[in-house]
1. Working with all protein chains in place, sort B:TYR236, B:TYR212 by solvent-accessible area computed with a 1.4 Å probe, largest first.
2. Relative to the isolated chain, which residues of the range B:143-165 have their accessible area cut by 40 Å² or more in the presence of all protein chains (1.4 Å probe, heavy atoms, no ligands or nucleic acids)?
3. Note down the accessible area of A:LYS290, probe 1.4 Å, to the nearest 10 Å².
4. Mean Kyte-Doolittle hydropathy of -1.0 or higher plus an axial Cα length of 30 Å or more: which whole DSSP H helices in chain A meet both?
5. What number, rounded to the nearest 500 deg cm²/dmol, is the helix-based mean residue ellipticity at 222 nm of chain B, given -39500 (n - 2.57) per DSSP H run of at least four residues and division by all its residues?
6. Can you tell me the convex hull volume per residue for the range B:165-259, based on C-alpha atoms, in Å³ to the nearest whole number?
7. Determine the shielding of peptide B:133-139 by partner chains: average, over its residues, the number of Cβ atoms on other chains within 10 angstrom of each Cβ.
8. Using a probe of 1.4 angstrom, how much of the accessible area of chain A is carbon and sulfur, in percent?
Amino acid sequence: MSLSLSRHLPKDRESFSTLAVLVAFVGLFLVFATQADAFLTLGNLRNVLVNNVVLLAIVALGVTFVVSSGGIDLSVGVSVDMASLVFVSALAAGVAAPLGLAAGLGAALLVGLLNAILIARLKISPFLATLGVLFIGQSVQRLATGGGQPIYLVTKDYAEIFNAISRSSLLGVPTPVWVLILCVLATWLALHRMGFGRQVQAIGARPGVAWYSGIRVPSRLTQVYILAAVLAGITGILLSATVRSYVPMSGNAFLLDAIGATFIGTTISRERRPSILGTLLGVALLAMVKNGLLLIGWNFYWQQVGIGVLVFAVLALSFGLQRRH
Amino acid sequence: MTMALSPSSPESPAGASRGKALAAAAIRLGALATFAAIMAYFALTARGFATPFNIVNVIEQSAILGILAFGMSVVIIGGGSEVQTGGIDLSLAANAGLCAAVFATATNAGLPAPMAIAATLGTGMLVGAVNGFAVVGLGILPLLATLASMNIVAGIELTLTENTVLSTSSPLLSVLSSGRFLGISALAWVLIAASVIVGLVIHRTPVGLRLYAVGGHPEAARAAGLNVGLHVWGTYVFAGLCAGLAAILIVSRLSASTPGTGELLLSILAAALLGTVFSRRFVPTVGGTVLSVIFIGFLANGFQLLHLSSYWVSGVQGALILLVVAVTSYARPQEH
């Protein structure tokens with residue numbers, strides 16, 4: 001529908017698609033605000049921000065780098081899960097919290113390193129490499145948990161640690177939001193203001209040219225996949241602190257949303273490139289739709305359908321316009 | 001294309017094509033030898049592995065995976081085996097889950113068997129047609145389009161079943177689940193028949209040849225007057241048909257539709273991708289897919305008989321995919 005409309009607005013297709021996404025955003029916002037009383041309350045917005053936006057956004061920032069480099073990472077869920085598994089297991093074994101936190105992030109880093117070796121050194125295509133890592137990660141989790149038993153740490157001993165991570169606040173802003181702000185600043189600088197980001201985007205746009213112009217492609221790709229995994233690991237830590245447990249395979253829920261948010265982000269960029277701000281807009285759109293559908297009474301299953309349709313529509317818009325370009 | 005999902009540095013200079021061909025042949029033989037060695041290992045160490053009863057049992061169990069893997073293979077043949085931009089259908093397993101739910105619901109609603117079958121196959125093909133439209137009509141990368149449709153289809157399945165098991169029974173289902181002919185069960189016959197039919201169509205008719213042309217060199221195929229879009233579209237509809245067929249087998253085997261059919265996706269991808277190692281140009285073939293489906297079946301079966309945890313199976317499949325891809329990427333013929 002939007003596609004046929006675009007033929008009547010031929011002057012500037014890029015701004016049309018940006019406009020379409022923004023109109024969808026504002027339109028849905030108005031629908032939810034008028035249809036669900038609870039939608040615009042401060043408590044709800046805060047809840048969406050802390051529980052939905054932060055977790056997804058940090059994963060999606062990493063995926064943004066991977067897609068910028070011309071790749072894809074199907075194993076971000078594994079990084080989320082491994083960080084959560086190691087963090088929660090370490091706490092359960094009585095390891096000090098900072099050490100457990102470092103171990104969790106280290107586990108995610110190892111997932112990224114494995115991806116990086118497969119993709120940058122062995123030249124396996126990112127899709128297959130991260131698919132293989134996804135398979136292996138699921139096996140590891142089943143083996144570690146006797147087939148997929150969650151690890152709950154709900155006793156008082158752990159409440160202090162988990163609250164310090166997920167429920168504390170600084171200057172009135174919840175800690176997870178501070179974490180997100182820091183991640184956004186760091187990734188925005190790295191992707192849009194530093195040579196590193198320019199090189200990553202060059203690899204994504206023209207791998208051959210990037211190679212011939214002296215960019216060390218393998219080491220850049222290694223950094224990209226490790227960065228994506230560590231960011232996903234941060235989400236894993238925040239997730240386990242929020243739900244006070246490790247639930248096997250829960251990271252996969254982030255996969256479609258993170259990829260979807262990244263591609264929604266590309267529709268608002270002039271060159272159809274992933275960008276940090278675009279990805280954040282995508283995350284906000286997805287989180288808003290999920291929360292709004294919940295509040296107007298759609299059950300979880302229909303929410304999944306709704307999100308899928310939304311991502312599908314945005315992909316259609318993005319690729320349809322790109323091809324007509 | 002800004003979204004060209006291709007890795008790293010340019011191809012190494014061509015020239016050693018003869019060496020490459022030898023390497024490719026060595027890999028094919030090596031893959032068969034590995035296959036045979038693992039079988040021999042199981043036969044020697046796992047009691048009851050090499051009995052005719054067990055072998056027929058594995059082939060029966062492989063029927064569902066086999067039908068789905070044919071769908072995936074045909075999509076990859078028609079879309080090209082460059083996995084990131086080429087053909088792939090991530091919604092295939094979720095589609096089979098939805099079709100199973102439709103079949104169970106229709107049977108329970110008292111629809112006659114032919115109507116229920118038509119509804120099931122129709123659902124599968126409709127999902128396939130939507131995927132085809134997204135890929136051909138809208139130009140979305142198959143990987144992304146089917147990732148999105150996978151979620152939509154899984155969501156619709158969950159609304160239909162409310163995440164529960166839908167038990168059902170009908171005369172047709174009992175024939176499929178316990179009927180036998182020449183001592184071989186109906187499920188095994190379905191796999192054999194499907195292998196022969198798909199194998200003949202793909203490898204012995206102009207349709208199959210055109211699909212390989214469309215997948216291998218879309219520009220050349222277009223220049224030769226082939227309707228590339230229509231062929232690619234057809235492969236997704238065929239994959240949907242396979243999902244519908246597999247759904248009927250799933251319901252007959254379990255006497256129910258169950259949530260979690262979507263988890264078959266990893267095995268389907270493993271079967272279709274491992275199968276490419278048995279072909280000269282590392283593209284999917286029906287024979288290669290059958291071999292790898294049966295190999296995966298025996299792998300799970302052997303683990304079970306050796307009392308190894310089934311939790312290892314997906315890890316071993318993942319490691320095999322990585323091994324196959326790493327090895328074949330060294331021997332893949334240069335296409336530039």
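1. B:TYR212, B:TYR236
2. Those are B:LEU143, B:LEU144, B:LEU147, B:ALA148, B:ASN151, B:ILE152, B:LEU158, B:THR159, which lose 40 Å² or more relative to the chain on its own.
3. 70 Å²
4. Within chain A the helices that satisfy the rule are A:13-35, A:217-243, A:300-324.
5. Helix-only estimate at 222 nm: -24000 deg cm²/dmol.
6. Numbers: hull volume 11.0 nm³, N = 95.
About 116 Å³ per residue, rounded to a whole number.
7. Going residue by residue through B:133-139 and averaging, the value is 4.
8. Carbon and sulfur atoms account for 68 percent of the accessible area of chain A.
The values are calculated or read from the model by the stated rules, or taken from the named source; none is laboratory data. Predicted, not measured: the structure shown is a model, and the values here were computed from it. No Cβ is skipped: glycine too gets one built from the backbone with ideal geometry, and neighbour counts run over all protein chains shown. With ligands, DNA and RNA removed, areas are computed over all heavy atoms of the protein, side chains included. Shrake-Rupley method; radii C 1.70, N 1.55, O 1.52, S 1.80 Å.
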